[in-house]
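Structure first, commentary second.
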Amino acid sequence: MVLASALLAILAFALAWPAPILLARAAWPSRAPAVALVVWQAIAIAGVLSTLGSLITFGLSGVADTLTAGLTRLTESVATGGSPAGLGALHIFALCCAVLFSGHLMLSVLTTVIRTERERRRQHDLVTLLSAPASTVPGARVMEYPAPVAYCLPGAFRTATVLTDGLVKALSPDELAAVLAHERAHLTQQHHLLLLAFRAWRKALPWFPIATRASDAVGLLVEMLADDAARSESSAESLVSAIVTVATGGGSSPDVGVADATPESAAPRVTRLLTEHPPLPSATVAAVLMSAVVLVLVPPALLLAA
Amino acid sequence: MATLGDLERSVMDVLWTSPEPLSAGDLRDRLVSSAAGATRRQLAATTVLTVLSRLESKGFVSRNRMHRPHLYEAVTTRADHTAELMHEVLGASQDREAALARFIGQVSPSEAETLRALLSSTTLPAK
């Protein structure tokens with residue numbers, strides 16, 4: 001039990017610190033964004049599981065030698081109102097931490113979901129009144145606004161892609177098609193679910209720089225995936241010129257969005273689209289995916305073995 | 001066939017341009033006269049009332065109940081609502097990027113310079 005607890009703690013530490021930094025610095029994710037997204041999810045899931053597992057196994061190690069025996073003895077003694085022999089203050093502290101940590105994470109997901117839903121509903125209400133479907137851009141709504149802006153509102157029941165008329169004027173038909181394909185990819189591939197999960201994680205652990213780093217990396221990877229979809233439907237040239245036009249304000253006054261402190265994504269995306277990188281060899285992809293699966297399975301395996 | 005959303009938008013367009021509060025009947029007359037198609041001619045008074053109460057519950061329309069018939073007006077201008085929406089979209093709020101996904105954010109002048117340099121220094125690979 002103590003050994004399993006120590007191993008889980010080491011794993012939790014590795015996943016909290018060196019692993020995300022290495023992944024965030026690696027060059028290969030831009031060649032295989034979908035694979036990198038799987039790895040980020042594996043790191044997050046295995047990180048949470050190993051942290052919780054380490055705390056629980058340590059806490060129960062005072063009571064029994066195996067996880068199941070420890071759990072039964074603990075529930076039995078709690079039911080009878082006593083405290084099991086061998087349960088020290090540190091053990092109790094570890095168990096309390098496990099309960100608080102899991103509760104905190106679940107609460108964070110819940111509040112993020114609720115707040116996001118409320119915000120989306122307001123956005124949909126406003127978009128309905130301020131924009132109209134346009135025959136020139138099928139599947140999108142156009143809003144009167146001078147600056148070039150494009151965005152999509154994801155959701156389970158209704159979605160919308162919104163363009164400003166400033167954008168429609170600033171872009172050529174090919175560039176518009178690339179923008180629409182990009183937004184469509186976000187909606188059909190349900191990227192918002194992934195972003196929401198990592199966002200909730202970041203909000204739960206604001207003092208933990210890795211969560212912020214992971215959230216930013218996932219945000220950029222999702223953009224790259226949508227770029228890939230857009231480039232296969234239209235052309236890389238149109239997509240790049242659309243990105244540059246929108247990012248630089250399309251000749252309109254650039255005062256609207258400069259306050260926006262989003263992590264830099266324009267330059268990495270454009271660089272990636274301009275330089276042709278061969279996709280990762282399929283053997284490498286298979287190996288990386290396998291390791292991600294193994295990573296997620298290690299904490300439960302250690303828990304069962306404990 | 002006009003959807004509920006289209007009707008809400010037409011109602012707001014009338015209220016936004018009207019200098020004074022309107023009754024549901026006046027509103028319906030204006031909608032019918034401004035619409036070219038046959039669909040609007042069949043616009044029922046109850047439909048207008050439904051749309052107005054929906055807009056009221058969403059906080060876009062206020063109703064003066066002291067007056068008979070009730071008078072409706074826009075809570076704020078179209079420009080204010082556009083500003084509210086864009087404030088959210090352009091990321092000035094705390095919860096940016098949670099509810100929506102932007103194509104790309106506008107970059108700072110120095111980043112814009114980097115982008116232009118990237119474009120001019122690289123030629124796109126042939127497809």
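The values are calculated or read from the model by the stated rules, or taken from the named source; none is laboratory data. Quick caveat: nothing in here was measured; it's all calculated off a predicted structure. We place every Cβ from the backbone using ideal geometry, glycine too, and count neighbours over all the protein chains shown. Note: areas computed on protein heavy atoms with side chains; ligands, DNA, RNA excluded. Shrake-Rupley method; radii C 1.70, N 1.55, O 1.52, S 1.80 Å.
At a glance:
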| quantity | calculated |
| --- | --- |
| DSSP bridge pairs, the range A:119-204: antiparallel proportion in percent, nearest 5 | 70 percent |
| Charge dipole magnitude, Cβ of K and R +1, D and E -1 - chain A, Cα centre, debye nearest 20 | 620 debye |
| Accessible surface, the range A:131-275, averaged per residue in Å² (probe 1.4 Å) | 39 Å² |
| For peptides A:239-247, A:122-130, A:166-174, B:52-60, sequence by mean Cβ density within 10 Å, most packed first | A:239-247, A:122-130, A:166-174, B:52-60 |
| Where the range A:68-122 is the region considered: accessible area per residue in Å², 1.4 Å probe | 66 Å² |
| Within the range B:4-74: Cβ-based charge dipole about Cα centre, in debye rounded to nearest 20 (Lys, Arg +1; Asp, Glu -1) | 200 debye |
| Amide H contacts under 5 Å for residue A:131, placed H, 5+ residues apart | none |
| Alpha-carbon centroids, the range A:31-109 and the range A:196-224: separation in whole Å | 23 Å |
| The range B:4-74, relative contact order [Cα under 8 Å, separation at least 6], % | 39 percent |
| Student exercise, the range A:126-245 dipole from Lys, Arg, Asp, Glu Cβ charges, in Debye to nearest 20 | 580 debye |
| Point-to-point label distance, residue B:23-residue B:54, nm (Cα→Cβ direction, 7 Å offset) | 2.4 nm |
| Within the accessible area of the protein assembly as shown (1.4 Å probe), percent carbon and sulfur | 64 percent |
| Relative contact order of the range A:1-54, pairs being alpha-carbon contacts under 8 Å that are 6 or more residues apart, as % | 64 percent |
| Other protein chain Cβ atoms within 10 Å, averaged over every residue that makes up A:240-249 | 5 |
| Whole-Hz ³J(HN,Hα) from phi, Karplus 6.51 cos²θ - 1.76 cosθ + 1.60, for the range A:89-97, glycine and proline x | 4, 5, 4, 5, 4, 4, 5, 4, 4 |
| Highest-first arrangement of A:178-188, B:81-91, where packing means the average Cβ count within 10 Å | A:178-188, B:81-91 |
| Per-residue average of Cβ from other chains inside 10 Å of B:5-12 | 3 |
| Theoretical ellipticity at 222 nm over chain A - DSSP helices of four or more residues, -39500 (n - 2.57) apiece, nearest 500 | -23500 deg cm²/dmol |
| Selection from A:221, A:247, A:232, by position along the positive dipole direction of the range A:131-275 (Cβ) | A:221 |
| DSSP-defined antiparallel bridges as percent of all bridges, chain A, nearest 5 | 70 percent |
| Amide H partners (placed H, <5 Å) of residue B:23, local residues excluded | B:72 |
| Total accessible area lost when B and A pair, probe 1.4 Å, Å² to nearest 100 | 4900 Å² |
| Solvent-accessible ranking of A:58, A:198, largest area first, probe 1.4 Å | A:58, A:198 |
